[in-house]
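Undergrad: My questions all concern the structure below.
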Amino acid sequence: MQALDEEQIDLRAVLDLLRRKIWLILIVASAGMVVAAGAISAMPLRYTASALILVDTAGRDVLDGGRVQPSAGWDNARVESEVEILRSQPIMLEALERSDLQRDPSFQPMPGWGQRLSAIFGVGPGVAPTEAEKRDTAIERLRSALLVQRRGLTYVIAVNATADAPQLAARMANAVAEAHIALQTEDKERGIRMTLTLLEARLSQAASDLNSSKAALDIFLHRTLPLAAEREERPDAAQATAGGFHGELVSSDSIGQQDTGAGEAIVATDLPPTMLASFFALQESVELAQSNYRQLLKRTNELRLDAELQIADSRIIAAAALPSTPSSPSRRLLLALAFVACLGIGVGSAFANDALTGGFTSQEQMEATTGHPVLTSVPIEKMAPTGAASLADSVVLAPRAPFAEAMRHLQLGLDQTLGSGQGVIAGKVILVTSAMPREGKTTSALALARTYAQAGKRVILVEADLRTPELHRHLGETGHGGLVDFLLGDEGGGAQKPLVTADPMSGAWTILGAAGKENGAERLLAGRGFAALMDTARRHYDIILVDTPSVSLAADGAYLLRYADAVLVLVRHALTPQRSLLRSLTLLERANFAQVPIVLTLVASPNA
């Protein structure tokens, strides 16, 4: 379909095209929906199961046992990190081992085309996949079946698993969630054990430092106390004080008491300041080593207890249950999309069909395409008036009907074409033809003849369509020889039946045709008899209308063109293919040596 204005879209023309092609659209859309419905019903069902994990971002510090108050940025980073960890390969491996998914047939490697062909034709032994290939395939299948995502801005992570069976979907989701919790717990325990190993090494070093500090103080006291006793003349005190510092390192409780007693004894003596300073330095070293040892020992005992009671920072708040309904495909949604797509294809098919084989939908379009003037548009009524044998009777029975008005416009256009606008018309021959059959040329020719008769013109309608004569049916008469008998009688024997009959409704004259049997129709029309008939008609009638066969079916119009003063080509609205009309006009123009005017008329339904 060509638009009236190439830069604008004629909405009315588009709607008219859709109305005319509605059956094509429905057929294409229905066929597409049948195919789409079959394809959708054949699609395998997929089930999705979801396990929910809550992330506790306020974890414990294993060094001091306190709660860490994280910031909002830390919370988001922690949750997003957990999402990425859930997608990692260690989690996939742990999930496969815990649930034994690797043995499931859907996780087994599929043989390649080479192996399949070898198995079919028995060419060579099949190569079994290695354990590494099996593991990598299972990991890839599990990862492709998972969708791990955070629920909005919450601390909840959803582990979604999709499979062909609901049991397998729930099994995969729970396996991944449990693997994450287990690995998180093991990771925390591993961290505590590593810290405990470091603390135990530090505790051993602290015990060694304490022994060394105590030994240094012991030696100092053994050397210093006897000297202090001699200066104070108290040998018994020196012996009593020094006796308590012999032997190995004692318990932590007795160390403080002995150091206190020794310190009091040293301070009570009259020793030099340098010796007193050395004593206090050694005593401070012992106390520091003792305090460090006690703290490390306490923390080591706490870590040993934490290692046995460690839990993960995340926990499963909702295990995956068996899904009761499939998650995909969404058949209702797919059918709705398929309906829209098929409807679009149907509309596209209508436009494509109209572009390839479509006809004309407006007078302007037809003039722009053919280059010939279009006189008017004739509306074809669906029903003839009551009591009418043909739609052509509307000219007489319903003179105000749109069809009758269109015929008067057509008469005016033809008069202007024949008389150059001066109204001088006498003995003019008008050929009425069409590009394709059944386009209303006989009906229009009879109606036009009656219109001329009502205008007071002497008019005769000659039915030169000897191949498919139909004028007698419109007049309500039985077919008889008519024109064929006249032409045959002229050539070999005389006519037996009247040639000219009057139309009782309008006073127009008609010559009925009949199918030729002995000679070809084109031979009869090209003979001397028909030429004599046309000469006689020119002398006695103002208008001679000649109903000729369709140009695309017969070459009769080319023989009759030499008698014509104008050619009226009828074109059916939206039904006559553009190519057919252009081809018919080309044939007429090639035979139109006298440059006879060729005008067009668009025959349309009333609502077109």
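The values are calculated or read from the model by the stated rules, or taken from the named source; none is laboratory data. Nothing here was measured: the structure is a model prediction, and the numbers come from that model. In this analysis, Cβ positions are derived from the backbone assuming ideal geometry, glycine residues included, and neighbour counts consider all displayed protein chains. Quick note on the areas: whole protein, heavy atoms, side chains included, nothing else; ligands and nucleic acids left out. Shrake-Rupley method; radii C 1.70, N 1.55, O 1.52, S 1.80 Å.
Undergrad: Taking the range 447-484, which residues are under 16 Å from Glu522 (Cβ atoms) and basic (Lys, Arg)?
TA: Once the filter is applied, which keeps residues that are under 16 Å from Glu522 (Cβ atoms) and basic (Lys, Arg), the range 447-484 yields only Arg467.
Undergrad: Please go through the range 300-332 and give me each residue that is among the basic types (Lys, Arg) and touching a strand residue (DSSP E or B) at 6+ places or on another chain (Cβ under 6 Å), ordered by number.
TA: Answer for the range 300-332, where residues must be among the basic types (Lys, Arg) and touching a strand residue (DSSP E or B) at 6+ places or on another chain (Cβ under 6 Å): just Arg315.
Undergrad: From the set of residues in the range 114-145 that are open to solvent by 30 Å² or more (accessible area, probe 1.4 Å) and within 21 Å of Glu178 (Cβ to Cβ), which is modelled with the lowest pLDDT?
TA: Here the residue is Arg135.
Undergrad: Okay, next question. So is Arg583 out of contact with any strand residue (DSSP E or B) (no Cβ under 8 Å at 6 or more places or on another chain), modelled with pLDDT under 90 and more than 23 Å from Phe360 (Cα to Cα) or not?
TA: So Arg583 fails the test.
Undergrad: Also, quick follow-up: Do you know which residues across the range 154-164 are under 27 Å from the mean Cα position of the chain (by Cα) and in a loop (DSSP other than H, G, I, E, B)?
TA: Of everything in the range 154-164, just one residue is under 27 Å from the mean Cα position of the chain (by Cα) and in a loop (DSSP other than H, G, I, E, B), namely Asp164.
Undergrad: Right, Thr586: polar (S, T, N, Q), closer than 30 Å to Leu17 by Cα and surrounded by fewer than 18 Cβ atoms within 10 Å (Cβ to Cβ) or not?
TA: Yes, satisfied.
Undergrad: Within the range 518-531, track down each residue that is open to solvent by less than 50 Å² (accessible area, probe 1.4 Å) and either more than 10 Å from Ala464 (Cβ to Cβ) or modelled with pLDDT under 90 (or both).
TA: Asn519, Gly520, Ala521, Leu524, Leu525, Ala526, Gly527, Gly529, Ala531
Undergrad: Give the number of residues within the range 554-583 that are open to solvent by 20 Å² or more (accessible area, probe 1.4 Å) and either among the small types (Gly, Ala, Ser) or in the same structural domain as Leu24 (by the TED database) (or both).
TA: Matching residues across the range 554-583 total 2.
Undergrad: Another question, then. Restricting attention to the range 95-108, does a residue exist that is outside any helix (DSSP H, G or I), open to solvent by 40 Å² or more (accessible area, probe 1.4 Å), closer than 16 Å to Ala170 by Cα and modelled with pLDDT of 85 or more?
TA: Scanning the range 95-108, I find no residue that is outside any helix (DSSP H, G or I), open to solvent by 40 Å² or more (accessible area, probe 1.4 Å), closer than 16 Å to Ala170 by Cα and modelled with pLDDT of 85 or more, so the answer is no.
Undergrad: Further, regarding this structure: Of (1) surrounded by 13 or more Cβ atoms within 10 Å (Cβ to Cβ); (2) at pLDDT 90 or above, Asp56 satisfies all except one. Which?
TA: The failed condition is (2).
Undergrad: State yes or no: is Ala537 at pLDDT 90 or above and either assigned to a loop (DSSP other than H, G, I, E, B) or over 60 Å from the mean Cα position of the chain (by Cα) (or both)?
TA: Against the criterion (at pLDDT 90 or above and either assigned to a loop (DSSP other than H, G, I, E, B) or over 60 Å from the mean Cα position of the chain (by Cα) (or both)), Ala537 qualifies.
Undergrad: Could you look through the range 386-410, keep only residues that are of a type outside the set (Gly, Ala, Ser) and surrounded by 21 or more Cβ atoms within 10 Å (Cβ to Cβ), and pick out the one that is modelled with the lowest pLDDT?
TA: Applying the filter and picking the extreme gives Leu391.
Undergrad: Give the residue, chosen from Arg332, Arg299, that is open to solvent by 60 Å² or more (accessible area, probe 1.4 Å) and either farther than 30 Å from Asp164 by Cα or hydroxyl-bearing (Ser, Thr, Tyr) (or both).
TA: Arg299
Undergrad: Looking at (1) among the hydrophobic types (A, V, I, L, M, F, W, C); (2) modelled with pLDDT of 80 or more; (3) surrounded by fewer than 16 Cβ atoms within 10 Å (Cβ to Cβ), which is the only condition Ala594 fails?
TA: All conditions pass for Ala594, except number (2).
Undergrad: Within the range 561-579, which residues are assigned to a helix (DSSP H, G or I) and closer than 19 Å to Ser377 by Cα?
TA: Gln578
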